[in-house]
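The values are calculated or read from the model by the stated rules, or taken from the named source; none is laboratory data. Quick caveat: nothing in here was measured; it's all calculated off a predicted structure. Ideal geometry is used to build each Cβ from the backbone, glycine not excepted, and the neighbour counts take in all protein chains shown. Ligands, DNA and RNA are stripped out before the accessible areas are found, and what is left, the full protein with its side chains, is counted by its heavy atoms. Shrake-Rupley method; radii C 1.70, N 1.55, O 1.52, S 1.80 Å.
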Amino acid sequence: MSKQLLAWRKLARRLHLWLGLSLGMFFVILCLSGAALVYYPQIDTWLHPELANAAQQPCDYNTALKTLRMQYPDKLGPWRFEVTPEQQFIPARYYNPQETQGQDFAPMMVWLSADGSTLLRQSFWGDYLVTWLYNLHFTLLLGSTGTIIVGYLGIGSALLLLTGLVAWWPKSGFWLRQLRFKRRAALLGRMYDWHKTIGLVMLLPLFILTSTGAMLALPKETNGLLGLVLGEVESAARPAPQLTFSNPQISVTQAVKIAQIQMPKARLAWIETPSVNQGYYRLRMQVSDDKSTRFPNSYIDINPRSGEVVKVFDLRQQGTSNQIKNWLHPLHNGSVGGLSLKVLWIIASLASLVLAWLGWYRYYLRKNTAKKIAKNNKP
């Protein structure tokens, strides 16, 4: 093995050690909270019997909007309805409510019966378990500043994984020897073998999770990098100027039909209504090439007075940078690969805890052993 390679491996070991000691706890927190969020809509429904036991029937968004306007007369802005495949209830969000002013992200969350006539549940983002976990995962409970911190922690965690790989990298002809367990009597040696093996097996899944997480948490930096390499990232900007009116003349259902005519093979995912006297309908659609199921990246804006399609943002007509960004969220949460990828992501996230414990405890044992040897060698 060349002296240069030995020097790189020595440097990688030191970086891996100090990155693990300084970032390891945050790495584990982000991984474990992410594992809990893989099925967070399903977990939330299971935790609330009023949702789990709701009757399945076609959703009535017209009635739902009327119910919300009656129940919350002070909420004059737009409401967003999530179109769920189960159709047991209608989840709705009201962004920037007065009750949570000053918080970075804390919309009012409301669930209505599928027929839209009954409120089943109400809360605010961050006040119940799965959204608290989401805030922990995405912001470390530190708001917008925490999101930036999480982004750079993701970069540091990816570097932690890569330095571990470089530190292990065998010289030519020694690959099989480096891959197998050795017969070791010492606990330190056995712990090294387990740390090495689990790290190698889970390296790629953990690297994908950390790198996509960093890109999601740092959208401006991600857009800049993609723009520099592959071309500008196009955004689905809203139509301007904002339309003002006395009363919308088309209903939510009519707006949905117009959007489905515009994109006949697309799946409707979200409906955003106009405010009481301003704005447009915005329909969020999943087209055939869109891998993001819950938060797809095609939009249709519709005039609520005339029903005219004002603007269409179709992912299929966007460049490579948009296509790559479209993969980030479904790849990060495992939805793009179905059950098998989600299970793999959960296993990889749990492995982060084992890796951290092995690394920390081995370091502790080595330090204690070194102290005992130094003490015994004293005159």
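A few remarks follow.
- Residue within the stretch 212-221 that is of a type in the set (Lys, Arg), surrounded by fewer than 13 Cβ atoms within 10 Å (Cβ to Cβ) and part of a helix (DSSP H, G or I) present: yes
- Those residues of the stretch 84-98 which are polar (S, T, N, Q), under 26 Å from residue 60 (Cα atoms) and either out of contact with any Gly (no Cβ under 9 Å at 6 or more places or on another chain) or open to solvent by less than 20 Å² (accessible area, probe 1.4 Å) (or both), in sequence order: 84, 87, 88
- Considering the stretch 13-89, there are no qualifying helices (runs of 4 or more DSSP H) wholly inside with 2 or more residues that are among the charged types (D, E, K, R), closer than 24 Å to residue 248 by Cβ and without any contact (Cβ under 8 Å) to a residue 24 or more places away in the chain.
- Residue match in the stretch 99-113 (condition: of a type outside the set (Gly, Ala, Ser), assigned to a helix (DSSP H, G or I) and either out of contact with any helix residue (DSSP H, G or I) (no Cβ under 9 Å at 6 or more places or on another chain) or open to solvent by less than 30 Å² (accessible area, probe 1.4 Å) (or both)): yes
- Hits in the stretch 274-304 - residues which are open to solvent by 40 Å² or more (accessible area, probe 1.4 Å), closer than 14 Å to residue 248 by Cβ and assigned to a loop (DSSP other than H, G, I, E, B): 276, 277
- Within the stretch 255-267, residues that are touching a residue at least 12 places away in the same chain (Cβ under 8 Å) reach partners that are assigned to a loop (DSSP other than H, G, I, E, B) and of a type in the set (Asp, Glu) with beta carbons closer than 9 Å, at six or more positions or on different chains, in the pairs 258/308; 263/314; 266/290; 266/314; 267/290.
- The set of residues in the stretch 305-343 being in a loop (DSSP other than H, G, I, E, B) and over 20 Å from the mean Cα position of the chain (by Cα) consists of 305, 306, 307, 308, 314, 318, 319.
- When 150, 130, 233, 166 are checked against the criterion of being touching a residue at least 60 places away in the same chain (Cβ under 8 Å) and part of a loop (DSSP other than H, G, I, E, B), 233 stands alone in meeting it.
- Some residue of the stretch 140-148 being small (Gly, Ala, Ser), crowded, with 17+ Cβ neighbours inside 10 Å, touching a Leu at 6+ places or on another chain (Cβ under 7 Å) and farther than 27 Å from residue 256 by Cβ: yes
- Qualifying residue in the stretch 157-168 (condition: more than 30 Å from residue 93 (Cα to Cα), under 30 Å from the mean Cα position of the chain (by Cα), open to solvent by 50 Å² or more (accessible area, probe 1.4 Å) and at pLDDT 95 or above): yes
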